[in-house]
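Taking it in order: structure first as structure tokens, then the write-up.
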Amino acid sequence: MATREAIVETIRKSDARAEALRERIIAAPEAPLADGEWSVRDALCHLAARANPLPLIDMVSAMLEAEGEPPAIDPDAQNAAQITERAGKSAAEVLDEMHAAYEEAIAGIATLDDDTLGKGLKLPGMENEIQMSDLVVMSMGMHVDSHLGDVEAALDAAGA
């Protein structure tokens, strides 16, 4: 099980990486990502929407406690809504939102009980069960790193 300290460290690393790219992002927010239809700004909107993992923890906890099949989630519709919700924000404002959400997450992680962090869950496509704390580390680490890697590559390609 990932510790609270590991979760916080992962969040801080993600925040630092985004902040290190800030000037380049602001210079070329509409640079297209190499794959798909997203721009740099679109990827940031998605990351900002998910920068605080506490709602994810609440959602997964509720799903684990509910009986029957969990509701179907359309990730494409969810991602589109995240981008639409931030349509009037500049890239700098989206980065600020991300940073603030990371700070909220860091404060909130300390309030979670061990039972919540230790809950086991089985994710689609995964053979073994993982614990909630490990899901948070995956979400805040690998997921963010993947998107920021795409952002960085798009900025490189744009000469930003």
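The ellipsoid equivalent to the alpha-carbon distribution of the range 13-113 has semi-axes of 27, 19, 10 angstrom, derived from the gyration tensor eigenvalues as √(5λ) and listed largest first.
Using only alpha-carbon positions in the range 1-53, the gyration tensor eigenvalues give semi-axes of 25, 13, 8 Å once each is multiplied by 5 and square-rooted (largest first). With respect to the chain, whose longest principal axis is taken over its alpha-carbon atoms, helix 75-85 is tilted by about 50°. Over the residues of the chain, the helix contribution to mean residue ellipticity at 222 nm works out to -19000 deg cm²/dmol, using -39500 (n - 2.57) for each DSSP H run of at least 4. Across HIS143, HIS46, HIS99, mean-square fluctuation computed from a Gaussian network of the chain (C-alpha pairs under 10 Å connected) peaks at HIS143. Exposure check, 1.4 Å probe, all protein chains in place: LYS122 carries approximately 120 Å² of accessible surface.
Straight-line cross-link partners of LYS89 among the lysines, defined as a Cα under 25 Å from its Cα and at least 8 positions apart when in the same chain: LYS13. GNM remark for the chain: springs join alpha carbons under 10 Å apart, and the peak mean-square fluctuation among ALA87, ALA27, ALA77 falls on ALA77.
Working from label points 7 Å from Cα in the Cα-to-Cβ sense, the ALA158 to HIS99 distance is 1.9 nm. For the range 1-145, the per residue solvent-accessible surface stands at 55 Å², with DNA, RNA and ligands left out and a 1.4 Å probe. Compared with the dominant Cα axis of the chain, that is its longest principal axis, helix 40-49 is turned about 30°. In the range 9-57, a dipole from Cβ-located charges (positive for Lys and Arg, negative for Asp and Glu) runs towards its positive end, and of LEU33, ALA18, HIS46 it is ALA18 whose Cα lies farthest in that direction. Counting only alpha carbon atoms, the long axis of helix 4-20 and the longest principal axis of the chain meet at about 10°. Potential lengthening of the chain between MET126 and GLU37 amounts to 29.3 nm, from the contour at 0.36 nm per residue minus the alpha-carbon distance.
Dipole size of the range 1-150 about its Cα centre, with +1 on Lys/Arg Cβ and -1 on Asp/Glu Cβ: approximately 440 debye, rounded to the nearest 20.
The values are calculated or read from the model by the stated rules, or taken from the named source; none is laboratory data. On a predicted model such as this, the values are computed, not experimentally measured, just so you know. Virtual Cβ from ideal backbone geometry, glycine too; neighbours counted across all protein chains shown. The accessibility values were calculated without ligands, DNA or RNA, using every heavy atom of the protein model including side chains. Shrake-Rupley method; radii C 1.70, N 1.55, O 1.52, S 1.80 Å.
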